[in-house]
Every structure is written in C-alpha cells, then in structure tokens.
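K.L.:
Following this message is one structure expressed as structure tokens.
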Amino acid sequence: MKRYLALFLTLCLILCSCAPGGSNGSVSDKNPHPNTSFQEYTNALFRESISSDALSLNYSLAHPENYGISKTAGGFPPLSVSETAQASSEYENALAKLESFDRTSLSESEKILYDNLKYTLEMNQKGEEFFLFSRPFSPVTGLQAQLPVLLAEYTFDCREDIENYFTLLRSIPSYFESVLVFYDHQGKAGLLPCRSTMSHILEQCQTFLSDKGWKLLLTSFRSRIEACDFIDQEEMLRYRKENKSLIKKEFVHAYENLAAGLNSRMDACPENGALCSYQNGEQYYRYLFADESGSSRGPEEYLKLLKAWLKKSKETLLAYAKKDASLFANLNLSPGKGLTPEQQLEHLTTAIKDDFPEIKEVGYKVSYVDPSLEDYLSPAFYLTPPLDAYDENAIYINGSDRFAGADLFTTLAHEGYPGHLYQNVYDRSQNHPLLSYALNFNGYTEGWATYAEIYSYKYLGYKKEEIGILRNNMIVSLCLYGICDIGIHLLGWSADDVYAFLLQNGSYDRETSDSLYENIIDEPGSYLKYTIGYMEFARLKKTAKSHQGDSFSEKEFHRYVLSAGPSAFSVLEDHLTDQ
C-alpha cells in the first residue's frame, strides 16, 4: 500500500494561543478522547507513509523512535507502472476499511481526519486512471529540481541519519532510471511532456552538472557534519570523503544519465503541451483542477467566477484612479526596503497579533537560494520542519534578477507570518491525529498563504485606499493566472491567445506573456492552488460573515480555519456549518 500511503512530503518545498501539550515543539501520538481502533488504524497508516524512504522520514520526524518507527530507512523507491492495477484495488480496500468505522463515535478532530482521508483516497483512486499523465520531473516542482535543496537541508541528529543520507544518494541513479522507463511508457501512450518542457528540465540538469551545481552538496554536507557532536574528527573526515565520492559517482552520474535520457527522447515529445491536446487530456485536467485546488467546483464554474472577480477588481481600481490618481503615483511598492528579512518578519510577528490567534515563539532562519538553483526555483519557499521539532524553521529567498521587482515584505508574509510558517506552527500545536499531518491539501496551504499575503498589506502603514489598491491589484494578477491556466489546458489557448487576453487586461509585453505561457505549460494547474485556494478562503469568510452578522470576528474566523487544519474545502465548509 506504499504507493498511496506515501502522502507526506518527499517534495516538501512550499512556494507551507498554543494548545496545551504543544509547547515542546513536538506532536503527540495520543489524541484526547480517541476511538482507539480508529487511532490505531490511522497511526499505522502514518507510520507506513513517512517511512517509505529516508528523505520522507528525515523531514517528517526528528525522533521516529518515539513513534515506534525505526531510524533506518531506504532510498527512493523506483517508479513502477506495473503497480497501477494493484494500487487501484488497494484504494478500494482502504476505503472499505475506513467506512467500517462508525464516524459518529469519533471525536471532532477524528471526524475531520475521516472526511479528509476519504476525500484523499477517492481522489487518488480516481487519479490512477490518469497515472501516465504524471509529471515526476518538471522545471519547478519536480523531484530533480528540488532534490539539491532537500539534500542540502537534510538534518544529521545521529549516525543513522548520515547512513540514511548515503543510502539516498546511492538510490538516485536507479530512481532516475525508473523515471526514464516511465517516459517510455508515456511515449507509447502519446503522453510525453512537450518539447519545451523537456528542454527546460534538460537545461536544469546541465546546470546541476556544472561545478557550482553539485559542489553545493559538498559545502552544505561539510557544515552539517562539522556541527555533529556525536562523531569524532576521524569519523568526520571519513564521512566527508564518502560523501564526496557518492556525490561524484552517484548524484552526478544520475544527472548525466538523466540528461542523456531526456535528450534521446526529445524527438518523441509533442510541440503542444496543453493538456487538452492529449487524448483524455481534458478529463485529466478536470481531475488535476480538483486535486490542486481542493475545491469541489469545476473549471467552467470557476472560469465564470474568475472573470467576475477580475471585472470587479478592475472596476475598483478604476474607481480609485478616478477619485485620486496620485494614490497610484505615490504608492511605495517596496515598503520593506532598508530592512533585513529578519527585521521584516519581526515586524510581522508583532503586527498580526490583533487579527490572528497567538502561537508559540519559534526560531527561524532566512537563507538565499544557492545561485546555481536560482533559475529553477520559486521566488521564495518555506521548508517544512519535522513534526516533533518544529521550533526551527527555514525560509528561502530566490535572489534571481527574475524576481528583482517582487515585494519582499509580502513574500515574507506569504512564507512566514501569517502565512506558511505561522499556519504550520499553529497546526502542529493542535495535537491532531498523526495522519492529519501526512495528508496533502495544497489548495488549503497555498490558499491560506496567499490570503495571508493579501491581508498583510494592512501592516504596511498605508491608507485604506492604498491597501485597497494593492489588494485588488494582486487579485487581478491571481485571476489572470487562473484564467490563463484554464484557457491553456482546457480551452487550448495558444501563446498568441494568452498575449491577446493579457493585453485586454493590462499592459503586458510579449516576453512576460510568453514566460507565463511556458510556466503554465511546464506546471499544469500550478497556479490553481494559489488562486482557487485564496478564493475559497474568501468565500468561507463571506459565509461566516453572513451567518454571524455583527458578532463576526476576523480573529475567530482565522482561529476556526486554522484549528481544522489543512483540509479539502468541502470538509472545511461542512466543519464550519457544524460550528
């Protein structure tokens, strides 16, 4: 059952008042008032999911032995097409097992887990139908893109961690080879990624193969191993020597073979990468839309909503301009200029206290992406810490010239407070059933972070009208991205169509338009979790306001959606209705 159970974060980069018992930065496997058999069942699923490979284990738990899990873990399991039929029946069996529990006997947090697990199993069962559409490698979210950072941040708390790390390095060539075999199956089905996407992945591999690419893994290993107080000098030198050998023989060799394999398959790749251009691609996009957004509404319904939101925000901006055009001319678009990222985060932690529930104080570090990775990673990301050691958090900022115009303040609000870092710390303090922390709901996590980013304009010291301009300007951008995603992958828009649409809705040059088109082709559905996720939170807030009237509290609304934890929006809405 490992195929569907490995739900945690093998890829854990996120472009992600304290409850009693959460003050030590750990999550307990004891749930107050549990249904014992349900807890045993879901805890077993949790243990199996996070121990599927050493990377998942290292990023999930600092001390797995406290949860009955061995420290020793294997490398990356190869991708297998032959397991598809078996996986489908396993989902069916898992659903039957889940439904054998009496939901009415469960605690509130267990009911939410029950509903979210059922949603996940049903989505994954449906997803098996589209397994050959999978994109294990992609320019931004693919494993090959994120692996260098994940390996560079891999923590060493004991000798087993170091040995597991070496096991991972040894397994990379066979995993990459299994993906190339997977590409052959895709080729036979006419489902290979398009030529431009494959070229972007190939260029990325070639960058990693340069000295500045793979040497990151030597310098980061050295700094981590030198900080280990459980080994002596002789062991440290031996580990450094072994790491250097494995990086050169396994990591570099794996990327060399991958680059050669991608190049040899290039001629079989189609020119058009829009999903609707593939056989059954339209049906796959509908599945992907639901999976990425976490929403029960379909793309056609959301296309209408996006157009309505776009129209409303543009009209609002026009009204501001007619009222006082100087508002736009005098608006400071770099409010945090002159402050370090740490100083900006410190300001945010204080500023949000009246609007968001208090959380425990935790540590964090802000780092810049290694220059060798800048071209292929997001503008910024939050690296999720282990469940039982969430006192230390990491935010990465991409210093690429591509993002020179980005507002660092709101980026840090998205990744830090009250975005991913804040939401993650709040969630970990709630003592949810363990499996809750292993289910993945990107629409919720990225929707919340986008909501937090837009909300953060309040903390910049702007006038009400200026805040309105900034918020509506961002909503316009989100709507444009969401409409383009649907337009390209469901309606078959070309690059020319995207450019024409953007010109109708603002001043965009062709280079910017083509870059957006390529991003959406490379990462189908990627913008949906931000756009649709934000819109779902806005809709939930509107519903809460209409129900509660004058008694509505922003802080209590935030407490509600955070206390439920990452969920499908249908589950979150049902939970809200029950309150």
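Coordinate-derived values only; no laboratory data. Everything numeric here is computed off the predicted structure, so don't read it as measured data. No Cβ is skipped: glycine too gets one built from the backbone with ideal geometry, and neighbour counts run over all protein chains shown.
K.L.:
Per DSSP helix of 4 or more residues, -39500 (n - 2.57); summed, then divided by the residues of the chain. What does that give at 222 nm, rounded to the nearest 500?
P.N.:
On the way: 25 runs with 335 residues, N = 579.
Estimated from H runs of four or more residues: -18500 deg cm²/dmol.
K.L.:
Take the alpha carbon gyration tensor of the stretch 298-578, find the square roots of its eigenvalues, order them as a ≥ b ≥ c, and report rounded if a/c is under 1.5; if not, report prolate when a/b exceeds b/c, else oblate. Intermediate values should be presented prior to the final figure.
P.N.:
On the way: a/c = 1.30, a/b = 1.23, b/c = 1.06.
Judged from the Cα gyration tensor, the stretch 298-578 comes out rounded (a/c under 1.5).
K.L.:
Rounded, prolate or oblate: pick one for the stretch 505-565, where a ≥ b ≥ c are the square roots of the eigenvalues of its C-alpha gyration tensor, a/c under 1.5 means rounded, and failing that, prolate if a/b is larger than b/c, else oblate. Spell out each step's value before the answer.
P.N.:
Working: a/c = 4.44, a/b = 2.46, b/c = 1.80.
Taking the square roots of the gyration eigenvalues as a ≥ b ≥ c, the stretch 505-565 is prolate.
K.L.:
Stokes-Einstein at 37 °C, 0.692 mPa s, Kirkwood radius from Cα pairs: D for the stretch 453-545 in µm² s⁻¹? Kindly include the intermediate steps, with their values, before the conclusion.
P.N.:
Working: Rh = 14.6 Å.
Value of D from the Cα-based Kirkwood radius: 226 µm²/s.
K.L.:
Of the listed values (i) 47, 35, 21; (ii) 34, 30, 27; (iii) 117, 25, 21, identify the label whose number matches semi-axes √(5λ) of the Cα gyration tensor in Å calculated from this model.
P.N.:
(ii)
K.L.:
I've got another one for you. Let me have the relative contact order for the stretch 298-578, percent, based on Cα pairs under 8 Å that are six or more residues apart. If you can, show how the numbers build up before the last one.
P.N.:
Values: 306 pairs, mean separation 65.5, N = 281.
Normalised by residue count, the contact order of the stretch 298-578 is 23 percent.
K.L.:
What is the gain in length, in nm to one decimal, between SER515 and THR155 on full extension, counting 0.36 nm per residue of separation less the C-alpha to C-alpha distance? Let's see the in-between values first.
P.N.:
On the way: separation 360, 0.36 × 360 = 129.60 nm, distance 3.56 nm.
Full-extension gain reported as 126.0 nm.
K.L.:
Give the lysines reachable from LYS555 as a straight Cα distance under 19 Å; neighbours fewer than 8 places away on the same chain don't count.
P.N.:
Excluding near neighbours in sequence, the set is LYS353, LYS360, LYS458, LYS541, LYS542, LYS545.
K.L.:
With equal scatterers on the alpha carbons only and no solvent term, can you work out the Debye log10 of I(q)/I(0) for the stretch 416-488 at 0.16, 0.23, 0.28 1/Å?
P.N.:
For the stretch 416-488 at q = 0.16, 0.23, 0.28 Å⁻¹, log10 I(q)/I(0) is -0.73, -1.03, -1.23.
K.L.:
Sort 188-194, 90-96 for me by packing, meaning the mean count of neighbouring Cβ atoms within 10 Å per residue, highest on top. Please list the in-between numbers first.
P.N.:
On the way: 188-194: 17.7, 90-96: 15.7.
The most tightly packed comes first, giving 188-194, 90-96.
K.L.:
Okay, moving on. Pop out the ³J(HN,Hα) list for the stretch 138-150 in order, Karplus 6.51 cos²θ - 1.76 cosθ + 1.60 with θ = phi - 60°, rounded to Hz; leave Gly and Pro as x.
P.N.:
So the Karplus estimates, Gly and Pro as x, are 7, x, 10, 9, x, 4, 5, 7, 8, 4, x, 5, 4 Hz.
K.L.:
Please work out whether the stretch 358-417 counts as rounded, prolate or oblate from its C-alpha gyration tensor, where a ≥ b ≥ c are the square roots of the eigenvalues and a/c under 1.5 means rounded, while otherwise a/b larger than b/c means prolate and anything else oblate? Spell out each step's value before the answer.
P.N.:
Numbers: a/c = 3.11, a/b = 1.71, b/c = 1.82.
It is oblate, given that a/c is not under 1.5 and a/b is not larger than b/c.
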